[in-house]
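Working notes, structure below.
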Amino acid sequence: MIKKILSIIVILMFGLVWVIPSAAINLPSKSTLVSDHQKNTADKTKLNIDDEDEDEDEDEDEDEDETVTGSVYNDDEDDDEDESVTGSVYKDDDDEEDDEDEDEIDEQTLRNVTDAVYGKAAEQPKDVIALLKGKNISMDDILKALVKITENKETANMTDDDLELYADTMYDNIETQKESFNDLYNSLQKLSDLYDKVGELERAIEVQKQAIKSNFQDLKAYKKLGEDLDKKGEKGIRTFVNGEMVNYDVKPLIQEGRTLVPIRAIAESLKSQVEWNAEEKTITLKKDNMEIKLVIGEEIAYINNNSVKLDVPAEIIDGRTLIPVRFISEAYGSTVNWEPVSQTVVIY
């Protein structure tokens, strides 16, 4: 019995001898553990880097989206510019609508004037106009109707001479009975149109100048006058001060975008005295308590001894001294506008 027990113990001991080395072989070494730890750390690091890359990609995508949004905003600015252009066009449309309103006359009034003019062609224009006034047709509407009649004068066998008589009669009425016109400014422009249509350019210009005097701030009137002066052959830059045309012995010119005009004519129009110092080549203008001094060729002027930078200097051309008209006019507190079609400087 004791032998059997000893045999079992011996067998068990030999089994442990084989199991322990085998288990030792399967245990990871320290270096292996370290390597595995490093690998795991690297994997985690790689995972973090990949996550960061994905985050950066997402951030870049968001940045790109923001860039696109910025682009859209710029498009909005472009739209604003387009609206600005549209606004400009809209203004022009307003001007055209205003012109249409000025020309508007109801059909019945136009028929009454037409019938009277055509039906009483043998009568004196003043009698026909008196008859129309007796029917409570305003002088303004009579003029509007006469302008429209000139467009169909052939249908009534009326000549330019016939219609010129009507124009002269209306002119006499304006001269003697201004109060009978509700809108003198527009009536004068209509009368100028009437003279234009019957070929009386000189009278058209004369009447248009009177229209400007009655409303010298409306630039459209200068445009119409400029067109007539161009037809007459009087081209070039024009200047008006408070509705009066300034006449120069030397033509004004544009230099570096600024208009230069002969000094004496513009000074007289602005009620200013002029002094010329030939030795110093200086021009001095005096009005009320203001003194303006310019030196030929220099871009510095002096207003009551205070220096002012000029865009262009005063110059001597063909023996005449020319000065920048905007500077002088604004120095005296005047408003200066530019009508580009007729090339007119408008001062008031």
Suppose we keep only residues that are touching a Ser or Thr at 6+ places or on another chain (Cβ under 7 Å) and among the acidic types (Asp, Glu) within segment 274-292. Which one would you say is surrounded by the fewest Cβ atoms within 10 Å (Cβ to Cβ)? 275
Among the residues in segment 137-158, are any in contact with a Ser or Thr (Cβ under 6 Å, 6 or more places away or on another chain) and among the acidic types (Asp, Glu)? yes
In this structure, does residue 222 turn out to be under 25 Å from residue 162 (Cα atoms), aromatic (Phe, Trp, Tyr), in contact with a helix residue (DSSP H, G or I) (Cβ under 8 Å, 6 or more places away or on another chain) and not in a loop (DSSP other than H, G, I, E, B)? no
Just to check your reading of the model, which residue among 145, 130 is under 36 Å from the mean Cα position of the chain (by Cα), among the small types (Gly, Ala, Ser) and assigned by TED's automatic domain parsing to the domain that holds residue 118? 145
With the requirement that a residue be part of a loop (DSSP other than H, G, I, E, B) and either buried (at least 21 other Cβ atoms within 10 Å of the Cβ) or free of Cβ contacts under 8 Å to residues at least 40 places away in the same chain (or both), what does segment 129-145 give you? 135, 136, 137
So which residues in segment 220-252 are aliphatic (A, V, I, L, M) and modelled with pLDDT of 95 or more, if there are any at all? 221, 225, 229, 237, 241, 245, 246
Report yes if some residue within segment 243-252 is outside the structural domain of residue 167 (by TED's automatic domain parsing) and either touching a Leu at 6+ places or on another chain (Cβ under 8 Å) or assigned to a helix (DSSP H, G or I) (or both); otherwise report no. yes
Filter segment 197-216 down to the residues that are over 18 Å from residue 232 (Cα atoms) and crowded, with 22+ Cβ neighbours inside 10 Å, then identify the one that is nearest to the chain's Cα centre (by Cα). 212
Identify the residue in segment 328-348 that is of a type in the set (Gly, Ala, Ser) and over 19 Å from the mean Cα position of the chain (by Cα) and, among all such residues, is nearest to residue 293 (Cα to Cα). 331
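Here's the yes/no breakdown for (1) outside any helix (DSSP H, G or I); (2) among the charged types (D, E, K, R); (3) modelled with pLDDT under 90; (4) surrounded by fewer than 17 Cβ atoms within 10 Å (Cβ to Cβ):
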site: 87; (1), (2), (3), (4): no, no, yes, yes
site: 121; (1), (2), (3), (4): yes, no, yes, yes
site: 158; (1), (2), (3), (4): yes, no, yes, no
site: 164; (1), (2), (3), (4): no, yes, no, no
site: 167; (1), (2), (3), (4): no, no, no, no
site: 170; (1), (2), (3), (4): no, no, no, no
Could you say whether any residue in segment 261-273 is in contact (Cβ under 8 Å) with a residue 60 or more places away in the chain, crowded, with 16+ Cβ neighbours inside 10 Å and assigned to a loop (DSSP other than H, G, I, E, B)? yes
Suppose we keep only residues that are surrounded by fewer than 19 Cβ atoms within 10 Å (Cβ to Cβ) and part of a helix (DSSP H, G or I) within segment 175-196. Which one would you say is nearest to the chain's Cα centre (by Cα)? 185
Subset tally (residues that are among the basic types (Lys, Arg) and either within 18 Å of residue 341 (Cβ to Cβ) or in contact with an Asp or Glu (Cβ under 6 Å, 6 or more places away or on another chain) (or both)) for segment 189-219: 1
Kindly provide the set of residues from segment 294-348 that are of a type in the set (Gly, Ala, Ser) and either touching a Lys or Arg at 6+ places or on another chain (Cβ under 9 Å) or outside any strand (DSSP E or B) (or both), ordered by number. 297, 301, 314, 319, 329, 331, 333, 334, 342
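The values are calculated or read from the model by the stated rules, or taken from the named source; none is laboratory data. The structure displayed is predicted, hence computed values, not measured ones. Neighbour counts run over all protein chains shown; Cβ positions are idealised from the backbone, glycine included.
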